Amino acid sequence: MENIPILLQHSGEWDDNNNFINFHVNAILIKTYWKFEQLLREIAKQLQKDSKTIVIQYAIAQGYPPITICSDMSVSVYMELKKSSAGMTTLPLCVSFAKNTIAASTSSFDVAPISSEIAEFESTDMITTFDVQEGDDAILELDDANIITDQFHQNVEKGQIYEDKNLLALVMKHYAVRQKCQYRVLPSTEFLHLVIDGQTRNVVRLHERNCTCGRFQLDDIPCPHAMAIIQKFHMDSYKYCSDYYCIDYLLKTYEIPVNPLPDETTWQIPEHISSQVVLPPKGQIKPGRPKKKRGIGGWEGNTVTCALCGRKGHNRRT
């Protein structure tokens, strides 16, 4: 089933009991594979509203707080719930509209180091916002080039101005996800540390040049987990590299003179050797087209990239 009829309840409001009231009713026909931008554009076209002012929500049960649709993942979750529900009136989309005037918001927080409390980024103690109301004596003259409109904005700093409060909340959410995906270093002793990489834990022993991921002892060069410790405590990374990576060892490789072979016509090969015929090894050729590329194994073949922070090794879900 590619098309699903969706009931739109718009121009209403949420009461104290999480019920959407005083709304008008409309309907649209959407595709099950649509992304968030496509859904938002279709609703804006149907209701003849500016897409920047539309807030899409739905309630999974009576009394539960509404769930906001603001990304491709939230659209996919809603589609799965809608496909398992019978009837057009189940799980309607509750569409409300923000103010048409642009609200300028600013964040007033400093970028803090990674901590276990990063999930509490939505606390009102961390961000403050202000609105530009019509008729105010003090009118803010803002340059459009300095107003942030991208929800994936990464360089979060104090004093930045955002297009509206919803955009600020999205930027803060993605910022928290990126910080959560960083390496967290928990020292146990001077040389023994626990490095948390997303949902995996790695034990690094610097004095043994060992890490549970296996890359440190295999390459004889600090792995990303060891580098997180070295950078956190401002250590010398070259101290934990193998001597074979040094320039001195590279020069020692060419200290011994290597004489080239003489011309092939001057070779003196015994008769019993030159008379031998070397045949290819016996073996059965496997069916199928032969490989043209070498096999890639281990972390070298990890091509998963996070759509939020842009780092490799994990996706936006993990």
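The values are calculated or read from the model by the stated rules, or taken from the named source; none is laboratory data. Being a predicted model, the structure only gives us computed values, none of them experimental. No Cβ is skipped: glycine too gets one built from the backbone with ideal geometry, and neighbour counts run over all protein chains shown. For the accessible areas, the whole protein counts, side chains as well, though only heavy atoms, and no ligand, DNA or RNA atoms are used. Shrake-Rupley method; radii C 1.70, N 1.55, O 1.52, S 1.80 Å.
Of note:
- Computed about the Cα centre, the dipole magnitude for the range 3-97 is approximately 380 debye when only Lys and Arg (+1) and Asp and Glu (-1) carry charge, each at its Cβ.
- The share of accessible area on the range 211-309 that comes from carbon and sulfur is 58 percent, using a 1.4 angstrom probe.
- Where a label projected 7 Å from the Cα of Phe23 along Cα→Cβ would reach, residues of the range 72-94 with amide N under 14 Å: 88-94
- Basic side chains Lys and Arg get +1 at the Cβ, acidic Asp and Glu get -1 at the Cβ, and with that the dipole of the range 147-250 about its Cα centre reaches some 460 debye.
- For the Cα trace of the range 147-250, dividing Rg by the Kirkwood Rh returns an Rg/Rh value of 1.16.
- With contacts taken as Cα pairs under 8 Å and at least 6 residues apart, the range 3-97 reaches a relative contact order of 36 percent.
- Quotient of the Cα radius of gyration of the range 3-97 and 2.2 N^0.38 Å, N being its number of residues: 0.99.
- Note on Cys241 and Tyr33: the extension gain reaches 69.9 nm, defined as 0.36 nm multiplied by sequence separation minus the Cα-Cα distance.
- Solvent-accessible surface of the range 3-97, taken per residue with a 1.4 Å probe and all protein chains present: 55 Å².
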